1. Quick check: residue separation of Ala261 and Ala80 times 0.36 nm, minus the Cα distance between them. What number comes out in nm?
2. Assuming 0.36 nm per residue, please report the length gained on full extension of the stretch Ala364 to Ser234 beyond their Cα-Cα distance.
3. Specify the inter-centroid distance of the range 1-42 and the range 334-358, based on alpha-carbon positions, in whole Å.
4. Which of the GluC sites (Glu not before Pro) across the range 168-248 are loop residues per DSSP, with 11 or fewer other Cβ within 10 Å?
5. Can you pick out the pairs among Lys76/Lys310; Lys76/Lys122; Lys122/Lys358; Lys76/Lys140 whose Cα atoms lie more than 32 Å from each other?
6. Show me the GluC sites (Glu not before Pro) within the range 286-369 that DSSP assigns to loop and that have at most 14 other Cβ atoms within 10 Å of their Cβ.
7. Over the chain, what relative contact order in percent results from Cα pairs under 8 Å that are six or more residues apart?
8. I want the antiparallel fraction of DSSP beta bridges within the chain, as a percent rounded to 5.
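The numbers here are math on the coordinates, done by the rules we state, and not lab data. Note that the structure is a prediction, hence the values are computed from the model and not measured. Cβ coordinates were reconstructed from backbone atoms using ideal geometry, including for glycine residues, and neighbour counts include every protein chain displayed.
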Amino acid sequence: MSLLTSTEDLAAACARLSRHPFVTVDTEFLRETTFWPKVCVIQLASPEEAFAVDTLSEGLDLTPFFELMANESVVKVFHAARQDLEIVWRLARLIPAPLFDTQVAAMVCGFGDQVSYVELVKAISKESLDKSSRFTDWSKRPLSTAQIDYAIADVTHLRQIYTHLRARLERSNRLDWLADEMRTLTTPETYEQSPENAWERLRHRVRKPRDLAVLMELAAWRESEAQGRDVPRSRVLKDDMLIEIALAAPRTQEALGNLRAFPRGLERSRSGADIVAAVERALARDPATLPRIEREKRGSSSGATVELLKVLLRQVAEETGVATKMIATVEDLDAIAADDGADVPALSGWRRAIFGEKALQLKAGRLALAVEKGKVVTLDWQELDESAGR
C-alpha cells in the first residue's frame, strides 16, 4: 500500500516519475453535490512504481504533480481523460501534455466505441478488476486499504494497456490518427464552461426564435448561479423547468409562480426576480442576432443518402477495425449528404482516406454497396462496369 500525504514525499515521487518516458494517471473525485469536481485522490504510476496521493491531506501542495503534468518529455497516459483533464485545468490552468488517451486509442485499434477500462483490462491484461470500491465516498477519511488498492490498480494495469495499444498503433502506422482527438483534449476551450454557451446542451428542446432567446438568457443565468454557488445545475433549476419557463416566458414573478412545476414560493425570492429579468432581456433581443435554429429534416431527399452512408460507415469500420464513432458522426453524415465540400472531420486527413472519399464516390454513383457471403462490401465503378459486361 502506497499513499502519499506530504508535499515532500510527493515531490520526491514525481521527481522519480519524471525520469521515465511515460506515466499513467487517474483521479477519484466527487461532484454529486458540487458544480466543480472535488478531487480526493490522484493515482500515478511509472513502469517501476505506483502510488496514490491523498489530495485532502492537510498542508499538501500539489505543485510537484502539476510540474510533472507540464513536463513535455513525459507522456501522460489516461483512460477517458476528459474529466481528469478538467480537474487539472481547473486547479492549475494547465493541460497535461503530451497526452495519450487509451480509450481513444482503443477505438482506433478495433475495441469498439468508448470501450471501458474494465473491458480493456480483461482483453489486454487478461484480468478481472474488483470494482467494489468504485462508488465509495472518496472524501471520507481515513481511506481504507481496499480503496487505496482499487485506486492504484487503475494506473498499474494502464501501463500494460498503454504499451500494448501504442505498439499496435505503431505497427499499423496509425499513431498519428490520434492527433486530432488529442488536440481537442489539450485545447483549453474544451474545459471552459462559459455561461453564454450553456444553452447549447439544450438547443434541441426549442423550435421558435423567442423560445431560444429566453432559453439562452435563462441557461446563462443558471450556469452563473451554479458556478458561483458551486452546486449542480439541477440544484438551481432543473432542465425541464428551464424549458417550461422558456416556452411560457413569464414577465412577472406572479406569472412565474403560476407555472405548474415551478417550486412554490421561489418566485418571490431573488432567483424569481432574476428569472423574470432574464426573460425581459430575452424578449428585448433582436431576433436577427439569434443563432439559427436547425430544424429536423423530415422526408428530405438526403434521408436515403444518409442511410446509405451509415451502411458504408459500418462496412469501413468493420474492414479497418476502427470504431464508427471515431470515423464519422451522424452530423458528419448529414453534412456530407447535403454537401460534397462539407467542413467536417470525416472529409479530412485519415478519415477522408478510409471513408470520406468512398462516401463521395457513393453519392456520385461511382461506388456501390453489395453483399457477398453475408458481408457488406464495396464495388467501385470499374468493377460495376465489368459486372455489367459479363
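1. On the way: separation 181, 0.36 × 181 = 65.16 nm, distance 3.67 nm.
So the extension gain works out to 61.5 nm.
2. Numbers: separation 130, 0.36 × 130 = 46.80 nm, distance 4.81 nm.
The Ala364-Ser234 span can extend by a further 42.0 nm.
3. 40 Å
4. Numbers: sites: Glu170, Glu181, Glu189, Glu192, Glu196, Glu200, Glu217, Glu223, Glu225, Glu244; in loops: Glu192.
Listed in order of number, the matching sites are Glu192.
5. Numbers: Lys76/Lys310 35 Å; Lys76/Lys122 22 Å; Lys122/Lys358 35 Å; Lys76/Lys140 28 Å.
Distance filter (> 32 Å) returns Lys76/Lys310; Lys122/Lys358.
6. Working: sites: Glu294, Glu296, Glu307, Glu318, Glu319, Glu331, Glu357; in loops: Glu294, Glu296.
Those satisfying the criteria are Glu294, Glu296.
7. Details: 517 pairs, mean separation 52.2, N = 390.
Here the relative contact order equals 13 percent.
8. Numbers: 18 of 26 bridges.
Looking only at bridges with both residues in the chain, the antiparallel portion is about 70 percent.
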